[in-house]
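The values are calculated or read from the model by the stated rules, or taken from the named source; none is laboratory data. Quick caveat: nothing in here was measured; it's all calculated off a predicted structure. Virtual Cβ from ideal backbone geometry, glycine too; neighbours counted across all protein chains shown. What goes into the accessible areas is simple: the full protein's heavy atoms, side chains included, and nothing from ligands, DNA or RNA. Shrake-Rupley method; radii C 1.70, N 1.55, O 1.52, S 1.80 Å.
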Amino acid sequence: MLTRREWIRATGGAAMGAIVAREARAFQQPSFCFFSKHLPELAWGDLGKAVKDLGFDGVDLTVRTGGHVLPERAADDLPRALDAIRSHGVAVPMITTELTSVTPLAKPLLTTAARNGVKYFKTGYWRFSASRDVRSQIASTGDALAGLAALARDCGIELGFHNHAGYIGGALWDIAPAMDRLDAKWAGYYFDPRHAVAEGGAGAWRAATHLVAPRLKMIALKDFFWEKSDKGWRVRDCPLGEGMVDWTWFGAAIREARFAGPISLHLEYEIPGATAAERTRKTIEAARKDLTKARDIVSVGSR
């Protein structure tokens with residue numbers, strides 16, 4: 001049996017270890033990932049090298065129709081893609097899928113990803129139909145998310161719901177009750193401040209940021225502004241920091257939330273080029289500039 005002094009020493013050491021671990025978590029930094037959608041012509045290894053040379057920590061890999069890995073080929077090709085990308089010293093903490101229900105392709109895709117060290121996946125999108133019964137559409141989406149979250153748990157990979165303007169869940173308030181019913185370990189948010197501002201620019205987007213913070217899995221960074229054209233007002237995507245998102249506020253918010261997950265950088269604005277090679281070169285140049293801004297946002301919250 002332990003003496004009183006030995007017990008105090010043992011429990012004190014355990015407590016100190018817990019404090020050290022907690023402090024270590026508090027100082028963890030997010031990882032910056034390049035969204036592979038923007039360099040579709042690069043092979044897996046070339047993608048890994050380009051991302052590494054740019055200074056990114058990892059890749060947000062598309063595993064969907066037209067992506068770097070086709071969903072029907074995921075069981076065979078995804079491990080090979082991961083190995084080729086990681087051989088250049090970059091991680092693949094997340095994948096972007098088009099999954100909106102538990103299809104026959106879903107389980108082998110998610111199982112393969114989890115077994116090969118991918119921690120998160122982004123779902124697909126649910127559109128509002130022409131029906132005026134909005135509540136039933138939201139309820140149906142909630143049911144689909146519950147099924148995917150259960151599959152995610154079984155496969156050992158965490159689900160991230162992406163708020164995208166114009167789709168169900170774009171404003172987050174509609175989908176939040178369904179998300180609240182899911183196990184936060186396996187289902188959370190892939191938060192996109194650009195789309196949140198487009199849906200709630202007067203201030204609701206800030207409330208939405210606080211709403212998702214307790215179960216925030218991933219973040220997408222991009223920017224935009226409203227532009228008046230001859231066909232009316234429209235959204236114009238732009239380089240990071242040149243649009244309407246209040247990055248000072250958002251940077252402070254994610255630091256307060258102690259977010260330490262993957263941040264996926266998106267280049268949705270037009271990048272011209274007469275040839276594929278020129279577009280690739282200019283995309284890489286744009287990514288380097290936006291990554292510098294992204295790191296600045298997270299570190300000091302500068303606009």
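What to note about this one:
- The mean accessible area for residues of the range 240-303, using a 1.4 Å probe and ignoring ligands and nucleic acids, is 48 Å² per residue.
- Over 18 Å between alpha carbons, listed pairs LYS37/LYS122; LYS119/LYS185; LYS228/LYS282; LYS52/LYS289: LYS228/LYS282
- Taking other residues whose beta carbon is less than 14 angstrom from the beta carbon of PHE121, and scoring Lys, Arg as +1 and Asp, Glu as -1, yields +3.
- Simple point charges give the picture: +1 on the Cβ of Lys and Arg, -1 on the Cβ of Asp and Glu, and for the chain a dipole about the Cα centre of about 760 debye.
- Fraction of accessible area attributable to carbon and sulfur, the chain (%, probe 1.4 Å): 54 percent
- Share, in percent, of DSSP beta bridges within the chain that are antiparallel, nearest 5: 20 percent
- Residues ARG153, ARG295, ARG258 ordered from highest to lowest accessible area at a 1.4 Å probe: ARG258, ARG153, ARG295.
- For the pair the range 202-236 and the range 149-181, the centres of their Cα atoms are 17 angstrom apart.
- Inter-label distance for ARG73 and SER87, nm, one decimal - labels placed 7 Å from Cα along Cα-to-Cβ: 1.7 nm
- Tensor-based shape of the range 169-303 (alpha-carbon gyration tensor, a/c under 1.5 rounded, otherwise prolate or oblate): prolate
- Close amide H pairs (under 5 Å, H built 1.01 Å from N) link THR96 with LEU61, THR62, VAL63, LYS122, residues at least 5 positions away or on another chain.
- Using the Cβ of LEU99 as centre and a radius below 11 Å, the other residues enclosed give a net charge of +2, where K and R count +1 and D and E count -1.
- Springs between Cα atoms under 10 Å define the GNM used for the chain, and in it the highest mean-square fluctuation of HIS195, HIS210, HIS266 occurs at HIS210.
- Max mean-square fluctuation residue, GNM over the chain, Cα-Cα springs under 10 Å, options PRO93, PRO40, PRO71: PRO40
- Whether the chain is rounded, prolate or oblate, judged on the alpha carbon gyration tensor where a/c under 1.5 counts as rounded: rounded
- Net +/- balance of residues flanking GLY273 in space, Cβ distance below 9 Å, scoring K and R +1, D and E -1: +2
- Residue among TRP44, HIS68, ALA187 farthest towards the positive dipole end of the chain, charges placed on Cβ: ALA187
- Over the range 27-169, accessible surface divided per residue gives 44 Å², non-protein components excluded, 1.4 Å probe.
- Unit charges on C-beta of K, R, D, E only; dipole of the range 142-232, Debye: 180 debye
- Dipole in debye (nearest 20) - the range 255-303, about Cα centre, beta carbon charges: Lys, Arg +1; Asp, Glu -1: 180 debye
- Per-residue ³J(HN,Hα) for the range 247-260, Karplus 6.51 cos²θ - 1.76 cosθ + 1.60, θ = phi - 60°, Hz, x for Gly and Pro: 6, 4, 5, 5, x, 5, 5, 6, 5, 5, 6, 6, 5, 9
- Between ARG115 and THR103, the contour length at 0.36 nm per residue exceeds the Cα-Cα span by 2.4 nm.
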